[in-house]
1. Return the total of residues in the stretch 92-117 being out of contact with any Ser or Thr (no Cβ under 7 Å at 6 or more places or on another chain) and within 29 Å of ALA205 (Cα to Cα).
2. Can you report the number of residues in the stretch 261-279 which are surrounded by fewer than 22 Cβ atoms within 10 Å (Cβ to Cβ) and of a type outside the set (Lys, Arg)?
3. Of everything in the stretch 293-319, what is buried (at least 20 other Cβ atoms within 10 Å of the Cβ), part of a strand (DSSP E or B) and small (Gly, Ala, Ser)? Give them in sequence order.
4. I'd like to check something: does the stretch 320-343 contain any residue that is at pLDDT below 95, part of a strand (DSSP E or B) and more than 25 Å from THR404 (Cα to Cα)?
5. Test ARG42 against the stated conditions and say whether it is of a type in the set (Lys, Arg) and over 16 Å from ASN209 (Cβ atoms).
6. May I ask you to list the residues in the stretch 81-137 that are within 29 Å of ALA50 (Cα to Cα) and small (Gly, Ala, Ser)?
7. Only one of these conditions is not met by ALA54: (1) closer than 20 Å to THR216 by Cα; (2) out of contact with any Asp or Glu (no Cβ under 7 Å at 6 or more places or on another chain). Which number is it?
8. Of all residues in the stretch 356-382 being without any contact (Cβ under 8 Å) to a residue 24 or more places away in the chain and part of a loop (DSSP other than H, G, I, E, B), which is surrounded by the fewest Cβ atoms within 10 Å (Cβ to Cβ)?
Amino acid sequence: MTTTTNDHLSALQAVDSRVLHFTPFGLGGAMRPEDAADYQQRLISNLVLADDVAQTTRQKFEQLCAGYAQGLLCYDLFTLVSDAAKPTLEQALRDRFAAHHNGAITARNEAGSERQITYTNYADFHDQYRKLRKPEIRMGSSNAWTPFNGMLDGLMKWARREGLLRGQRNRGIERAKKALRNLTAHGMFHLLTPVDAYRDLSDLAEIINQLWGHATPGGRLYPAPIPRDVVAIGWNTTTGTVRAGHAAQLSDQQGGDEDDGFTFVLVRAVFWPGEREDPNMMEYDARNATTRFPAEYLWGPGSRAQAITWFGREAPEPDSCDSLDQVFVIRVHDDRIHLPMYPGVAAALLPAEQQGTWYAVRADGPAEVFAHTRAVSTAAHGHARTGECEQCPVETIASGDLVTILRAALAAGADISPLTTPDVRTPFADVMAPRSVATSP
């Protein structure tokens, strides 16, 4: 009996060999058990919740992290942790709802009768609320009466309306999270990897922190503002060569034949080679939004020597930018769709450039704005002309003439101060991002 018990204990303490092949460089040869343990522990230690997150949500999340760490001994735990992370999202939303309304909320039934509900926790609220017939609560900045079912989909809708969740791409991800949670509830057998489990925990941590108002530095879903530096973009129209570098390093590279024929502009942009770099930097256009992250025009065009002089005199500082829920404006005129613009640039356009139908669109990047506007212009099925589009990660705020659009953009939080920029763009922009295309392919 003793030998059997010891054998069982030894089996429970043995490392599951399948985990050893998940290394910092991807799948590969088996690591030593102690190295695998260290690696998985370092991974999970990166997931930290903000101090003000509700204790019940925190306890559940810490329980999931503890289960993940034990996956080194039992590979199946990664699947169990991943599955358990999905309903934890609903618990986090319930806790945030309860904290947001601070123990009291007014609801009304289909007859219009209002009732003040006081509660100690979400379960207490929901027990009282569900007794009302077709109940509603007030939501969002408009404080409008809105149906609320108290379940996961209702809670996610509430969090969006209250501005606790953000990002247009994330709307689709949030819908997928809800669908996966419902699918997992049916209990069909499946086997997931440590990578799957960690991604689910990482996403859950980001969502929880965002619900409590904390963005995640370097996050996948709800990133904190991204640092920008002053960048020099230079190109040679004869050879088509385009290059970029930190403006502070321009003087280190001055001189030689390589400067012949090169034109430079200075911009604030996301440019940290080896860490994070705008993938569309070489397609920069001073008048239109062509970069993945916001790029702010500062100076140019001119020679390297002129750029160095301006940079030394003005000493522009780095800053940071938020890429989620940006507001763009875009024009459709004479059966052609023009590239998106930032509202301030559009506000400085000459009257001849203001003609056509304009749209104010909220999105996480300009490419989605252009694709959605083209779909709407061709009456593609399923694309919403107003409000949130279920097919595209965008929200159309308004449409009409430019004056109307700029007013709507201002109301949506955009800066519409006129910003005059030169008509300058890189040769790559000429090739990759034509300024207008026909509405129909």
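The values are calculated or read from the model by the stated rules, or taken from the named source; none is laboratory data. This structure is a prediction, so every number in the text was calculated from the model and none was measured. Note: ideal-geometry Cβ built from the backbone for every residue, glycine included; neighbour counts use all protein chains shown.
1. Selection size over the stretch 92-117: 10.
2. Number satisfying all stated conditions: 9.
3. The one that is buried (at least 20 other Cβ atoms within 10 Å of the Cβ), part of a strand (DSSP E or B) and small (Gly, Ala, Ser): GLY300.
4. Scanning the stretch 320-343, I find no residue that is at pLDDT below 95, part of a strand (DSSP E or B) and more than 25 Å from THR404 (Cα to Cα), so the answer is no.
5. Considered against the rule, which asks whether it is of a type in the set (Lys, Arg) and over 16 Å from ASN209 (Cβ atoms), ARG42 comes out as yes.
6. SER82, ALA84, ALA85, ALA92, ALA98, ALA99, GLY103, ALA104, ALA123
7. That leaves (2) as the condition not met.
8. Looking at residues that are without any contact (Cβ under 8 Å) to a residue 24 or more places away in the chain and part of a loop (DSSP other than H, G, I, E, B), I get HIS381.
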